[in-house]
Amino acid sequence: MSSSKNLEYKKTSFLNKSNSAFIEQMYVKYVNNDPNLPESWKKYFIDIGDDINSIVKEVNGPSWSPSKNKIDESKIFENEIEILESQNKEIYQNDIVASNSNSIKAVSLIRAYRQRGHLLSKVDPLEMRESEYLDELHPENYGFKKDDYSKKIYLDGVLNKEYSNIKEILSVLRKIYCGNIGYEYMHISNPTERKWFRDRVEKDENAFKFTVNGKGAILNKLIQAEGFEKFLHTKYVGSKRFGLDGGESLIPALEQIIKIGGQSNIKEVKIGMSHRGRLNVLANVLQKSYKRIFNEFAGELNNTNEDSAGDVKYHLGASSDREFDGNSVHVSLTDNPSHLEAVNPVVLGQTRAKQFFHKDTERNKVIPILIHGDAAFAGQGVVAECFAMSGLPGHNTGGTIHIIVNNQIGFTTSPRFARSSPHPSDIAKMVDAPIIHVNGDDPEAVVYGSRIATEFRLKFNRDVVIDLVCYRRFGHNEGDEPSFTQPLMYKKIRSHQSTANIYGSKLINENLISKEGLNNQIKKI
């Protein structure tokens, strides 16, 4: 006898006259889904398969027997369907649970990038920052394996997608949050402001898409900024000028802020800054004449002139009217002593007074811009004091646009010995100010970040910070030898191309300008 016949014999061997009544009782309960039926019998009747017919025949007896105890075979079929449906429902529910779990884990991954992605952003032009491995930014931390990267996940509109997969999610997140621009905004407690900022950076399909004229204007400003510093460095060798060399992207950033402001009908921009880059801002943003600047270098300061006040050249201010797209904006730079951040409350006071005279109750006709050094921003108490008073009714100016010219060094001190936080901008979190970190060697990222910062300030009347990560080519001042205290950094800087050359090469590769055209443009400056 074969094994299958043996199995069949064993399964039905109990079917005899002596226990048919008991079998009938159990099977009737099974057919009627009686909850009192033991699980072992349920399992037996489910597993017995085709042999169930033998049981039915045994229980029902011959066709001529009384029919009151007979089992309706259609009921058996219905019962089996119910069991299958129950099993399928359980499988379906398990699938739903697994799908929901993947959705929750994917959204958690997205949130982690919104919070911590800036720590992996490529904002250091010298590429000297140590790369970090953050568990919370890796899919495996949420249970996703390599095999899961292509599986479809329901997102319900998060990251502007109905469905996606881990591979695509990572690509989008790294492009937005880990490129040459990094954002910090998840600390903002106001949900409207936080949502606006998130949507602004995640839904902008035209991010970094500049017109040919726009790119040409950025390149022109970089060449002007670099050419001005090179001339001074050659003509007045060893003279202190606190040049902008390495941070030339500040100039197109300021131009962008004034341009966006002009489109929003602002009347005035009040600028306060320390002395690094001041001469360049005077020449290329406020358009102070080169002749006057060079005369001041030659020592021809007019002490009777109220504008100069007998002060040294890199402490002086100026004002002028700038026009962008037919909109005229009055731009002024406040005089500043050597005590770096001391000018901050002065500029805020001037802005408040100007808003009063313009009857600017919405505080959108006059906006202040404060330009800081990285070490001073983190280290000087007057910065925190201005932030603390920024929202008070008697001091509010409708928000300041802060630009940190982040040279990644304070005089001769490395950041790790100067502050206890990853970025110099962290002090701004005390007032929920969004922070935009940008790579100074990517002027398009700098201009784009400046555009977002200006839009945020004009919409919400709140402080906003642009952390312009760059470097200082010639030390604290042009008379210093920075290699004595920072040999590794300055070895890197000496072989590092200027921002204008890097951006010019980028436009050459995009076939927007020829090498000869770039050289001619540099010569014209």
Practice item. Having 3 or more residues that are assigned by TED's automatic domain parsing to the domain that holds Val438, modelled with pLDDT of 95 or more and not hydrophobic (A, V, I, L, M, F, W, C) is the bar; report the helices (runs of 4 or more DSSP H) wholly within region 286-403 that clear it. Key: 343-357
Check your understanding: If you go through region 348-363 one residue at a time, do you hit one that is surrounded by fewer than 20 Cβ atoms within 10 Å (Cβ to Cβ), closer than 24 Å to Leu244 by Cα and polar (S, T, N, Q)?
Key -> no
Practice item. Inspect region 128-141 for any residue being touching a residue at least 40 places away in the same chain (Cβ under 8 Å), within 30 Å of Ile251 (Cα to Cα) and surrounded by fewer than 17 Cβ atoms within 10 Å (Cβ to Cβ) and give the result as yes or no. Key: yes
Exercise for review: Please verify whether region 502-510 includes one or more residues that are of a type outside the set (Ser, Thr, Tyr), touching a Leu at 6+ places or on another chain (Cβ under 8 Å) and free of Cβ contacts under 8 Å to residues at least 40 places away in the same chain.
Suggested key: yes
Check your understanding: Which of the residues belonging to region 176-197 are more than 28 Å from Glu127 (Cβ to Cβ) and of a type in the set (D, E, K, R)?
Key -> Glu193, Arg194, Lys195
Practice item. All but one of (1) assigned to a helix (DSSP H, G or I); (2) under 28 Å from Ile409 (Cβ atoms); (3) out of contact with any strand residue (DSSP E or B) (no Cβ under 9 Å at 6 or more places or on another chain); (4) of a type in the set (A, V, I, L, M, F, W, C) hold for Met128, so report the exception by its number. Key: (1)
**Study point:** Residue in region 216-243 that is nearest to the chain's Cα centre (by Cα), counting only those that are in contact (Cβ under 8 Å) with a residue 60 or more places away in the chain and closer than 30 Å to Asn461 by Cβ
**Key:** Ile218
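One line per residue, one yes/no per condition, for (1) surrounded by fewer than 13 Cβ atoms within 10 Å (Cβ to Cβ); (2) among the aromatic types (Phe, Trp, Tyr); (3) in a strand (DSSP E or B):
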position	(1), (2), (3)
Phe144	no, yes, no
Asp147	yes, no, no
Leu159	no, no, no
Ile169	no, no, no
Gly179	no, no, no
Tyr183	no, yes, yes
Met186	no, no, no
Thr192	yes, no, no
Exercise for review: Go through region 194-228 and give me each residue that's surrounded by 15 or more Cβ atoms within 10 Å (Cβ to Cβ) and among the basic types (Lys, Arg).
Suggested key: Arg194, Arg198, Arg200, Lys215, Lys221
Check your understanding: Quick one: which helices (runs of 4 or more DSSP H) sit completely within region 472-525 and have at least 1 residues that are surrounded by 15 or more Cβ atoms within 10 Å (Cβ to Cβ) and out of contact with any helix residue (DSSP H, G or I) (no Cβ under 7 Å at 6 or more places or on another chain)?
Key -> 487-494, 499-509
Check your understanding: Looking at region 312-332, which of the residues that are among the hydrophobic types (A, V, I, L, M, F, W, C) and in contact with a Ser or Thr (Cβ under 7 Å, 6 or more places away or on another chain) is surrounded by the most Cβ atoms within 10 Å (Cβ to Cβ)?
Key -> Leu316
Review point. Do we have any residue at all in region 259-272 that's under 26 Å from the mean Cα position of the chain (by Cα), under 22 Å from Asn344 (Cα atoms) and assigned by TED's automatic domain parsing to the domain that holds Asp374?
Key: yes
Study note, to complete from the structure: Just one listed residue, out of Glu193, Glu202, Glu168, is assigned by TED's automatic domain parsing to the domain that holds Arg111 and either over 24 Å from Leu512 (Cα atoms) or polar (S, T, N, Q) (or both), and it is Glu168
Check your understanding: Can you tell me which residues in region 410-424 are under 25 Å from the mean Cα position of the chain (by Cα) and not in a loop (DSSP other than H, G, I, E, B)?
Key -> Pro415, Arg416, Pro424
Practice item. Give the number of residues within region 438-492 that are on the phi > 0 side of the Ramachandran plot and either among the polar types (S, T, N, Q) or within 16 Å of the chain's Cα centre (by Cα) (or both). Key: 1
Practice item. Please determine, by comparing only the residues of region 162-194 that are acidic (Asp, Glu) and over 11 Å from the mean Cα position of the chain (by Cα), which one is modelled with the lowest pLDDT. Key: Glu162
Check your understanding: Can Asp467 be described as closer than 28 Å to Ile223 by Cα and part of a loop (DSSP other than H, G, I, E, B)?
Key -> no
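The values are calculated or read from the model by the stated rules, or taken from the named source; none is laboratory data. Predicted, not measured: the structure shown is a model, and the values here were computed from it. Methodologically, a virtual Cβ is constructed for each residue, glycine included, from the backbone with ideal geometry; neighbour enumeration extends over all protein chains shown.
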